[in-house]
Amino acid sequence: MQATSYGSRSYESRSYGSRSYGSRLRHAESVPRLFRSLSPRSILLAAVLTLGAGCVSTPDRDAIPTFRAGASTANQQSQTAFADINTFLRQQQIERAARLPTLNERAFFTPLASEDVAKWSNAFGLIDAYAATLEKLLDPARRAETESALSELGEKIGDVRDDRLPPGIAAGFTQLGGILVQIKAEKDALAAMRKADPAVQDVFSAMMDAIGESPSEGVRGTVASSWTTVLAQIQIEFLGAQGVEAKRDIATRYVTTLDQRDAQDASLASLRRSFGLLAVAHRELAAGRAPSAQRMLDAIQQEYLAFRQREDSLKKAKGAAP
């Protein structure tokens, strides 16, 4: 499994198969920039599913709704991760404040402001609207009523202000909106996805960049800076402690805090992988390879389940801490 390093610690990336596919790396040059930013194992998985998909067929009535459900899962993962990060850091700030001679609001801060979290909800709202429109195109009984739905959605996306979306993501949505306007009266869901796919890839690539490829970038970097502040305060407390027992207690709390920091960064890295898997799933659906797209969407569910297990373990460890 791929190890994600953070300082002197590491977390293993989840894998979805044990077979070696090194012989197929000769196709790597055809992989776009988005897939180059994924972990090596994720790239291999995407390549194998693409190459081994076999015949191409039009997506059935269940394919696109499943993509929509995958996007909803990633949205839920993001909202839960952001909320848990703020909660855990606020608990650390309360612990610190309890040891101060006076109470001051400067001792409390929110690493991920509510308005920033809302911007991620806005982004997923646009993705959901796109998937919902494709769903309508799959239903023969509803195609007539959605003749200009894609064009109207494109105009709606174009009207969204940049400051309503996470930093760096607006350009991808602007491109997507422009393509949807050009599609106009497209009534074939597969054809619409194929035309929109380059812009969709840019959107998910930008979302991955916004989360951060490493613990020092994007949202991961913002959260890491907040944990650095908390750890620095514990270090100062350690310097003023008297006696071995007092220092041992502070050192134990310091290590526990390191574990919490690393676990939360692993959760954000998992979220980033989910964005990449969504991108691959859309590309596979656009190419008519629904089975391989479904494998990607199943992998998103696995990421989310692993994320929830990690968050639950972290909360239990926090509750058991002295």
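Annotations for the structure displayed:
- Among the residues here, L103 does not qualify as in contact with a Leu (Cβ under 9 Å, 6 or more places away or on another chain) and of a type in the set (A, V, I, L, M, F, W, C).
- Scanning the stretch 286-315 for residues that are of a type in the set (A, V, I, L, M, F, W, C) and touching a residue at least 12 places away in the same chain (Cβ under 8 Å) turns up A286, A287, A290, A293, M296, L297, A299, I300, A306, F307, L314.
- For the stretch 234-252, a residue qualifies if it is touching a helix residue (DSSP H, G or I) at 6+ places or on another chain (Cβ under 9 Å) and either at positive phi or of a type in the set (S, T, N, Q) (or both), and exactly one does: Q235.
- Test: residue in the stretch 297-320 that is surrounded by 22 or more Cβ atoms within 10 Å (Cβ to Cβ), touching a Ser or Thr at 6+ places or on another chain (Cβ under 8 Å) and hydroxyl-bearing (S, T, Y): no
- Considering D262, D249, the condition of being in contact with a Lys or Arg (Cβ under 7 Å, 6 or more places away or on another chain), touching a residue at least 12 places away in the same chain (Cβ under 8 Å) and among the charged types (D, E, K, R) is satisfied by D262 alone.
- The stretch 90-123, subset surrounded by 13 or more Cβ atoms within 10 Å (Cβ to Cβ) and over 23 Å from Q77 (Cβ atoms), residue modelled with the lowest pLDDT: A107
- Of the criteria (1) more than 19 Å from R273 (Cα to Cα); (2) without any contact (Cβ under 8 Å) to a residue 60 or more places away in the chain, which one S214 fails: (1)
- Count of residues meeting criterion [outside any helix (DSSP H, G or I) and closer than 19 Å to A132 by Cα] in the stretch 288-316: 1
The values are calculated or read from the model by the stated rules, or taken from the named source; none is laboratory data. This structure is a prediction, so every number in the text was calculated from the model and none was measured. When we count neighbours, we look across all protein chains shown, and the Cβ atoms used for this are built from the backbone with ideal geometry, even at glycine.
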